[in-house]
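The values are calculated or read from the model by the stated rules, or taken from the named source; none is laboratory data. Computed from a prediction, not measured in an experiment: that's the story for all the values here. Note that each Cβ is placed from the backbone with ideal geometry, even for glycine, and that neighbours are counted across all protein chains shown.
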Amino acid sequence: MSARAWLGLAVIAGAGVALVAVFRTPPSGAAPAEDGAAACGACHAEAHGEWQSSWHSRAWSDPEVRARSNDFANAECLPCHLPEPVLALAPGDPVRARAERGDEGVDCRACHALGGADAGRVAGTAEHADAPCRPKAVAELGGAAVCGPCHNQHQTVTEWLVSPYAAEGVDCVDCHMPFRGGDPARGRDHTMHGGHSLALLQAAVDLRARRAAAGVVIEVENVGAGHNFPTDERLRAADVFWRPLVPEGTPGSWRFLYRFRSPYRDEPIEETVLPARAMQTIPLADPDAAEAVEVALFYKLTPYWADPEHPDPERESMLVERVELGRFPPR
Ligand code: HEC
Ligand code: HEC
Ligand code: HEC
Ligand code: HEC
Ligand code: HEC
């Protein structure tokens, strides 16, 4: 991964730290850990604060999910959005829905609670004999095995497995759960940013433009995502727009050029995602591009435009990156 991408991720980690409370030492003789996230949070305030600001804690209350699952009248949608612990599943078994604490979505137990002979214990990075939650060192916790039961429905784990990052040993948590303040002794940040985070999107891609014989050539490179860009949720879309800057720096309106996206179910569109470390070259042959031009990459959480004939990316998308090219030939 480029130095810039790591920097982007470190900045996100730093921003999270400022918002959270300090770690509180548990009182001696504390009661056994209860099920709820708040109970865990009484002793793990930092992880709890980060988790609360994450989309995992909102997986069941998220209005976007509510709307698309018909308020979970579609019970197929419950398992990953209101899950039982994934480490308690037999290998290969699908995630199961739990019946309680909906407002906690993907809760602490979903990733940490163990089952079988270890029921009542939590998966951790080390054993702590006197801790009330009885942590057990579980190697799988830091790997794709924890994320996979929910995040491979759309092949994100598979995309990562065939990427150079898997071979290099750069795992999901290395990018999505950086060490707090960059310090391994402080544990990992639970904010787990994704497509909702502009900083993470900016760490994912590089946008470049140059003049060539046939006009303008635009390049988009996946420099920081350990899987396709975009990935997972099929509604995500990344769009390249351009506009002439005429006269002299006054922009015209945005013109659509290219979309990166994966089709949802049988949607009749082409698969145009950008795999890890891949680059897409996009020619722009329009005569208006001889003027000074601005090129931009926008990201949309859902792919539809209010008016498909006249998409308005500034209002309906997030601006990720932009570049300008001078007039050709220069005046
Ligand atoms: C196998 C697990 C699984 C099942 C089953 C599942 N989801 Fe999801 N869902 C996820 C994961 C993981 C994400 C996060 C993906 C991402 O951010 O790209 C997600 C994200 C979403 C989002 C995007 C949320 C946002 O804030 O943009 C919507 C909407 C959604 N799911 C709706 C549904 C609906 C509707 C169903 C049932 C038809 C469903 N999900 C079933 C795992 C699942
Ligand atoms: C009464 C206090 C208390 C409660 C409640 C509690 N824990 Fe802990 N937990 C501890 C202590 C003490 C440790 C030992 C390491 C430390 O100080 O961080 C620990 C360790 C851990 C670890 C392992 C840390 C490592 O080194 O990898 C995990 C994971 C963990 N707890 C998760 C949870 C979860 C999930 C819950 C709720 C189901 C929970 N804990 C409830 C006090 C508590
Ligand atoms: C989406 C999965 C997920 C959720 C939800 C989650 N954790 Fe974690 N947690 C992890 C992973 C992965 C690690 C780090 C493993 C590693 O370092 O190898 C971790 C590490 C920890 C640790 C060890 C110290 C540290 O911070 O790295 C504690 C304590 C902990 N989590 C507590 C909690 C609590 C409390 C909650 C709920 C408020 C929670 N976790 C929710 C996945 C999760
Ligand atoms: C039990 C199911 C489950 C597990 C396990 C799980 N996730 Fe998620 N994750 C979800 C769901 C559901 C969402 C979508 C929440 C929403 O937006 O409504 C999500 C969202 C995300 C997002 C997107 C956040 C955003 O900005 O939209 C990221 C990144 C993410 N998860 C990373 C991870 C990583 C890394 C792991 C493993 C350490 C993991 N998840 C484990 C279910 C899970
Ligand atoms: C090299 C760093 C890196 C690795 C490794 C990595 N990711 Fe990501 N991930 C990113 C970046 C950057 C983004 C934002 C761009 C994007 O959506 O592709 C992202 C986005 C996501 C999203 C959000 C997609 C959305 O729709 O909001 C999910 C979910 C996710 N990653 C899950 C995973 C899982 C699961 C793994 C491990 C199998 C993993 N990531 C490995 C860097 C990484």
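Results, tabulated for the structure shown:
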read-out: Complete set of residues in segment 49-83 that are more than 22 Å from the chain's Cα centre (by Cα) and not hydrophobic (A, V, I, L, M, F, W, C); value: ASN70, ASP71, ASN74, GLU76
read-out: Total residues in segment 84-97, condition modelled with pLDDT of 95 or more, within 25 Å of THR125 (Cβ to Cβ) and part of a loop (DSSP other than H, G, I, E, B); value: 3
read-out: Segment 303-331 residues that are touching a residue at least 40 places away in the same chain (Cβ under 8 Å), paired with ones that are assigned to a loop (DSSP other than H, G, I, E, B) and charged (D, E, K, R) (beta carbon under 8 Å, 6 or more apart); value: PRO303/ARG236; PRO303/ARG261
read-out: Residue check for THR302: β-branched (Val, Ile, Thr), surrounded by fewer than 17 Cβ atoms within 10 Å (Cβ to Cβ), in contact with a Phe, Trp or Tyr (Cβ under 6 Å, 6 or more places away or on another chain) and in a loop (DSSP other than H, G, I, E, B); value: no
read-out: Test set (1) over 17 Å from the mean Cα position of the chain (by Cα); (2) under 24 Å from THR125 (Cα atoms); (3) among the acidic types (Asp, Glu) - ASP174 fails condition number; value: (1)
read-out: Test result for CYS77, within 22 Å of SER262 (Cα to Cα) and either part of a loop (DSSP other than H, G, I, E, B) or not assigned by TED's automatic domain parsing to the domain that holds ALA204 (or both); value: yes
read-out: Residues located in segment 126-142, provided they are closer than 15 Å to VAL173 by Cβ, free of Cβ contacts under 8 Å to residues at least 40 places away in the same chain and surrounded by 15 or more Cβ atoms within 10 Å (Cβ to Cβ); value: GLY142
read-out: Helices (runs of 4 or more DSSP H) enclosed by segment 125-205 - at least 3 residues per element that are within 25 Å of HIS44 (Cα to Cα) and of a type in the set (Val, Ile, Thr); value: none
read-out: Cross-chain or 6+ apart pairs with Cβ under 8 Å, segment 206-223 first and assigned to a strand (DSSP E or B), then aromatic (Phe, Trp, Tyr) and at pLDDT below 95; value: ARG211/PHE328
read-out: Selection count where residues are acidic (Asp, Glu) and more than 19 Å from the chain's Cα centre (by Cα), scope segment 177-202; value: 1
read-out: Number of the condition not met by PHE260 [criteria: (1) farther than 24 Å from ALA214 by Cβ; (2) of a type in the set (Phe, Trp, Tyr); (3) crowded, with 19+ Cβ neighbours inside 10 Å]; value: (1)
read-out: Yes/no for GLU100 being away from ligand 4 (no atom under 16 Å from the Cβ) and either among the hydrophobic types (A, V, I, L, M, F, W, C) or at pLDDT below 95 (or both); value: no
read-out: Close pairs from segment 151-178: first more than 19 Å from GLU140 (Cβ to Cβ), partner within 16 Å of ligand 2 (Cβ to nearest atom) and basic (Lys, Arg), Cβ under 8 Å, at least 6 apart; value: PRO178/ARG188
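Matching residues to (1) touching a strand residue (DSSP E or B) at 6+ places or on another chain (Cβ under 8 Å); (2) charged (D, E, K, R); (3) more than 30 Å from THR302 (Cα to Cα); (4) within 13 Å of ligand 2 (Cβ to nearest atom):
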| site | (1), (2), (3), (4) |
| --- | --- |
| SER54 | no, no, no, no |
| TRP60 | no, no, no, no |
| ALA75 | yes, no, no, no |
| LEU89 | no, no, yes, no |
| GLY115 | no, no, yes, no |
| GLY124 | yes, no, yes, yes |
